[in-house]
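The values are calculated or read from the model by the stated rules, or taken from the named source; none is laboratory data. Since the model is a prediction, treat every value here as computed from it, not as a measurement. Glycine also receives a Cβ, built like all others from the backbone with ideal geometry; neighbour counts cover every protein chain displayed. What goes into the accessible areas is simple: the full protein's heavy atoms, side chains included, and nothing from ligands, DNA or RNA. Shrake-Rupley method; radii C 1.70, N 1.55, O 1.52, S 1.80 Å.
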Amino acid sequence: MPGELTLEPSKVKGYDALWLPLAPFFETHGYYLWVKSTDWIPTTMNCLCPLAPPNSHARVFDGYSYSSPYLLDSKAKNKSFEQQMSPVICPARTAQNHDVMIRLVAVGASGEQHSRALDRLGATPLASLPQNHALPVLNRIGYDDQYYFAVFPN
C-alpha cells in the first residue's frame, strides 16, 4: 500500500483517498468496490459522489431487505449510491452479485466500543429480538493490524 494512505476518518477527504487505494485489498477478500459514475462532475459545493456497481449484472436478492426497489421492479439492474460526507462507508459487490456495505469500524483502539456493540447486537439472545433492527455483520476484515472493517448486507 502507498505510504501516504490515511485511514483516519477525520483526515480522509472522500472516496478517492480512502477507498480506491484499498480496492485491490478488498478484492482479495471477494469484495469489489463500487465505482464513480462517469457522468459526475465534482464541484466544491457538491459533497456527494455518485457511485455505481462495479459490473452490469443484476443485484442478487440476499434476504436482508424488507422493502427494496429491486423487489418492485424486476427489470431494475442497478441503483446508484451517493457517497455521503462521511467517508467511512463504501458499497461493494461480491462475486455472487450480493451488494454489501463496508464500514471502517475501528482504527487501532479507537472504535473498539463500536465493534463490541456490533458483536453484542449480533449475538444471542439480542440478535433474535424483534426490537433489534441492527444489520448482522457478515464479515470482519483487518488491514495492517490497525484498521478494522465490518461488512454488512446492503
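Only residues that are of a type in the set (F, W, Y) and open to solvent by less than 80 Å² (accessible area, probe 1.4 Å): list them for region 138-154, please.
Step one: of region 138-154, the residues of a type in the set (F, W, Y) are 143, 147-149, 152.
Residues satisfying the conditions are Y143, Y147, F149, F152.
Pick out, from region 1-114, the strands (runs of 3 or more DSSP E) lying fully within it that include 3 or more residues that are at pLDDT 85 or above and not hydrophobic (A, V, I, L, M, F, W, C). Walk me through it before giving the result.
Values: elements: 31-33, 49-52, 81-83, 89-94, 99-107.
Answer list for region 1-114: 89-94.
Considering only region 109-137, state which residues are in contact with a strand residue (DSSP E or B) (Cβ under 8 Å, 6 or more places away or on another chain), touching a residue at least 12 places away in the same chain (Cβ under 8 Å), of a type outside the set (V, I, T) and open to solvent by less than 80 Å² (accessible area, probe 1.4 Å). Can you show your working first?
From region 109-137, those in contact with a strand residue (DSSP E or B) (Cβ under 8 Å, 6 or more places away or on another chain) are 111-112, 114-115, 118, 135-137; that's our starting set.
Filter once more, keeping what is touching a residue at least 12 places away in the same chain (Cβ under 8 Å): 111, 115, 118, 135-137.
Checking the rest, the ones that are also of a type outside the set (V, I, T) come to 111, 115, 118, 135-136.
Across region 109-137, the qualifying residues are G111, S115, L118, P136.
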